[in-house]
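Trainee: I have a structure I would like to understand better, so I am pasting it below and will then ask my questions one at a time.
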Amino acid sequence: MASSSSGPTPHFTWAELGDPPIAHRVHARHLARHLETLRVILGDRPLTLLSAYRSPERNAAVGGARHSQHLHARAADLRQGVATVTQAERAGFVGIGSVRGWAVHVDVRPGPARRWDYPT
Ligand SMILES: [Zn+2]
């Protein structure tokens, strides 16, 4: 388990959150709190993040949306088969992108809830 000094919450390190710059750490902390809630919902097991904060360069390199929540450290991507959309909703995520009912992108964007499905 990561020490509290290496990340914003007990189970997520700044490195796992993509090393967000200081200006975005308040968002990353908010994101991590919801990830901790999701982790509990999933049975208190390790939750691997495929991607969280992305620099503009990194976001462009992976073909991310131009106004992606990842640019603000408000989004995390999960492996398909880990958390359902319902579980992500219970964890309080605002934006949820899914594949066949599995949440693969969760975010804490400001504004109204948004749900979408990625083509498979
Ligand atoms: Zn994403």
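Trainee: Go through the residues of segment 60-69 one by one and say whether even a single one is closer than 17 Å to Thr9 by Cβ, part of a loop (DSSP other than H, G, I, E, B) and free of Cβ contacts under 8 Å to residues at least 60 places away in the same chain.
Mentor: Taking segment 60-69 first, the residues closer than 17 Å to Thr9 by Cβ are none.
Taking every residue of segment 60-69 in turn, none turns out to be closer than 17 Å to Thr9 by Cβ, part of a loop (DSSP other than H, G, I, E, B) and free of Cβ contacts under 8 Å to residues at least 60 places away in the same chain.
Trainee: A follow-up question, please. Name the residue, out of Gly7, Gly64, that is in contact with a His (Cβ under 9 Å, 6 or more places away or on another chain) and at negative phi.
Mentor: On the way: Gly7 fails: in contact with a His (Cβ under 9 Å, 6 or more places away or on another chain).
Result: Gly64 is the single residue among Gly7, Gly64 that is in contact with a His (Cβ under 9 Å, 6 or more places away or on another chain) and at negative phi.
Trainee: Please determine whether any residue of segment 96-107 is more than 14 Å from the ligand (Cβ to nearest atom), without any contact (Cβ under 8 Å) to a residue 24 or more places away in the chain and part of a helix (DSSP H, G or I). Please lay out each step first, then the result.
Mentor: Initially, segment 96-107 is screened for residues more than 14 Å from the ligand (Cβ to nearest atom), giving 100-101.
Going one step further and asking which of them are without any contact (Cβ under 8 Å) to a residue 24 or more places away in the chain, we end up with 100-101.
Right, trim to part of a helix (DSSP H, G or I) and you get none.
No, there is no match, as no residue in segment 96-107 is more than 14 Å from the ligand (Cβ to nearest atom), without any contact (Cβ under 8 Å) to a residue 24 or more places away in the chain and part of a helix (DSSP H, G or I).
Trainee: Still on this model: What single numbered condition from (1) modelled with pLDDT under 95; (2) under 20 Å from Arg115 (Cα atoms); (3) assigned to a helix (DSSP H, G or I) fails to hold for Ala88?
Mentor: (1)
Trainee: Still on this structure, please answer the following. Checking the structure you have, find out if any residue of segment 18-40 is surrounded by fewer than 20 Cβ atoms within 10 Å (Cβ to Cβ), assigned to a loop (DSSP other than H, G, I, E, B) and of a type in the set (Lys, Arg).
Mentor: no
Trainee: Which of the residues spanning segment 78-95 are within 23 Å of Ser55 (Cβ to Cβ) and either in contact (Cβ under 8 Å) with a residue 40 or more places away in the chain or surrounded by fewer than 17 Cβ atoms within 10 Å (Cβ to Cβ) (or both)? Can you show your working first?
Mentor: Within segment 78-95, the subset within 23 Å of Ser55 (Cβ to Cβ) is 78-79, 93-95.
Arg79, Phe93 - these are the residues of segment 78-95 that are within 23 Å of Ser55 (Cβ to Cβ) and either in contact (Cβ under 8 Å) with a residue 40 or more places away in the chain or surrounded by fewer than 17 Cβ atoms within 10 Å (Cβ to Cβ) (or both).
Trainee: Counting only residues that are in a helix (DSSP H, G or I), under 18 Å from Thr9 (Cβ atoms) and within 11 Å of the ligand (Cβ to nearest atom), how many does segment 41-59 have?
Mentor: Quick first cut of segment 41-59, residues in a helix (DSSP H, G or I) only: 41, 56-59.
From what's left, under 18 Å from Thr9 (Cβ atoms): 41.
Narrowing further to those that are within 11 Å of the ligand (Cβ to nearest atom): none.
Count: 0.
Trainee: Let me ask another. For segment 43-54: of the residues being under 15 Å from the mean Cα position of the chain (by Cα) and not charged (D, E, K, R), which is surrounded by the fewest Cβ atoms within 10 Å (Cβ to Cβ)? Quick ask: steps written out before the conclusion?
Mentor: Within segment 43-54, the subset under 15 Å from the mean Cα position of the chain (by Cα) is 46-54.
With not charged (D, E, K, R) added as a condition, the list becomes 46-53.
Details: Pro46: 8, Leu47: 20, Thr48: 11, Leu49: 20, Leu50: 12, Ser51: 17, Ala52: 25, Tyr53: 27.
In this case the residue turns out to be Pro46.
Trainee: Condition first: touching a residue at least 24 places away in the same chain (Cβ under 8 Å) and more than 17 Å from Val108 (Cα to Cα). Can you find one or more residues in segment 22-40 that meet it? Walk me through it before giving the result.
Mentor: Of segment 22-40, the ones touching a residue at least 24 places away in the same chain (Cβ under 8 Å) are 24-25, 27-28, 30-39.
Narrowing the set further to residues that are more than 17 Å from Val108 (Cα to Cα) leaves none.
Looking for residues that are touching a residue at least 24 places away in the same chain (Cβ under 8 Å) and more than 17 Å from Val108 (Cα to Cα), one finds none in segment 22-40, hence no.
Trainee: Hey, does segment 71-88 have a residue that's away from the ligand (no atom under 15 Å from the Cβ) and either among the hydrophobic types (A, V, I, L, M, F, W, C) or closer than 14 Å to Ala32 by Cα (or both)? I'd like the intermediate steps shown before the answer.
Mentor: Initial filter on segment 71-88 (away from the ligand (no atom under 15 Å from the Cβ)): 81, 84, 86-87.
Remaining after also requiring either among the hydrophobic types (A, V, I, L, M, F, W, C) or closer than 14 Å to Ala32 by Cα (or both): none.
Scanning segment 71-88 turns up no residue that is away from the ligand (no atom under 15 Å from the Cβ) and either among the hydrophobic types (A, V, I, L, M, F, W, C) or closer than 14 Å to Ala32 by Cα (or both).
Trainee: Among (1) within 16 Å of Arg33 (Cα to Cα); (2) within 11 Å of the chain's Cα centre (by Cα), there is one condition Ala103 misses while meeting the rest; what is its number?
Mentor: (1)
The values are calculated or read from the model by the stated rules, or taken from the named source; none is laboratory data. This is a predicted model, so every value here is computed, not measured. Note: ideal-geometry Cβ built from the backbone for every residue, glycine included; neighbour counts use all protein chains shown.
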